[in-house]
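This report concerns only the one structure given below.
The values are calculated or read from the model by the stated rules, or taken from the named source; none is laboratory data. The model shown is predicted, which means the values in this text are computed figures rather than measured ones. All Cβ positions, even for glycine, are placed from backbone atoms using ideal geometry, and neighbour counts span all protein chains on display. Quick note on the areas: whole protein, heavy atoms, side chains included, nothing else; ligands and nucleic acids left out. Shrake-Rupley method; radii C 1.70, N 1.55, O 1.52, S 1.80 Å.
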Amino acid sequence: MPLALLTFTISFFRDPHRDIRVDPKALVSPADGKVVEVKTINEPCFLGGEATMVAIFLSVFDVHVQRAPLDGEIKLVKYNPGKFLDARDPDCTLVNENRVVGIQSQDGFRVTVRQVAGLIARRIVGWTDEGSKLAKGERIGMIRFGSRVELYVPLDTEIVTKVGDYAKGGETILARRR
């Protein structure tokens, strides 16, 4: 049993190489997992109004490293303490512990990535701070042991994914800037 736990833990913290998309209009997935929601929502932190949210559920079998969806600079990092509801619960995004990262491209295009802790995930680890300059696909943090990651984009952004799709962080294109 101890060997199985050790193997699971090592597997969980894996961080595989990803082939990052060079298309400047493409916004890549910030996380590995299943797309569970695509909807219009009032994004409260960085975009400051209505936005399209793409939510990704990370099971304990997915890679849990989060990545930048575009080239840019981190303009906002905000940690919000909270509960630890199951990451599949629709209320988790409103009440669970989370870390919000606002990224702005050189030409002013803005996105928000929200890392949401889940029932098992009790620790969000950020590897970047405000002022950090990021390349698309660069690592921004990790949520330990199951969680949810949300990408918020302006309403006029073309969404090219749908609920049920599986995304790979840094590789899968979720949306395209117009």
Quiz item: So how far, in whole Å, is the C-alpha centre of the range 76-153 from the one of the range 32-58?
Solution: 11
Practice problem: Tell me the trypsin sites (Lys or Arg not before Pro) within the range 35-101 that lie in a loop according to DSSP and have at most 16 other beta-carbon atoms within 10 Å. | Solution: Arg88
Quiz item: Can you give the extra length, in nm with one decimal, that the chain gains between Asp19 and Gln104 once fully stretched, where that is 0.36 nm per residue apart less the Cα-Cα distance?
Solution: 28.4 nm
Self-check item: Neighbourhood net charge (9 Å Cβ-Cβ; Lys/Arg +1, Asp/Glu -1) for Met53
Solution: -1
Quiz item: Where the accessible area of the range 29-126 is counted over protein heavy atoms with a 1.4 Å probe, how much of it, in %, is carbon and sulfur?
Solution: 51
Quiz prompt | Answer label, with mean projected area of the Cα convex hull in nm² calculated from the coordinates and candidates (i) 12.6; (ii) 11.6; (iii) 9.6 | solution = (iii)
Quiz item: Can you list residues whose amide H is under 5 Å from Ala175's amide H, if they're 5+ apart or on another chain and H is modeled 1.01 Å from N?
Solution: Leu27, Val160
Self-check item: Projected label distance in nm at Ile173 and Asp91, using a 7 Å step from Cα toward the beta-carbon
Solution: 3.9
Practice problem: Give the cross-link partners of Lys133 among the aspartates and glutamates, using a straight C-alpha distance below 12 Å as the criterion and excluding same-chain residues fewer than 8 apart. | Solution: Asp71, Glu73
Quiz item: Taking the Cα-to-Cβ direction at Arg123 and at Ser59 and moving 7 Å from each Cα, how far apart do the two end points lie in nm?
Solution: 2.4
Self-check item: Qualifying aspartates and glutamates (Cα of each under 14 Å from Cα of Lys75; at least 8 residues distant if same chain)
Solution: Asp107, Asp129, Glu130
Exercise. Mind pulling the angle between the C-alpha long axis of helix 2-12 and the longest principal axis of the chain? Nearest 10 degrees, somewhere in 0 to 90.
Key: 10
Quiz item: What chymotrypsin sites (Phe, Trp or Tyr not before Pro) does the range 84-167 have in DSSP loop regions with at most 13 other beta carbons within 10 Å?
Solution: Trp127
Self-check item: Accessible area (Å², per residue) of the range 29-84, counting only protein heavy atoms and a probe of 1.4 Å
Solution: 39
Quiz item: In terms of Cα to Cα distance under 22 Å, which lysines are near enough to Lys162, apart from those fewer than 8 places away along the same chain?
Solution: Lys25, Lys34, Lys39, Lys136
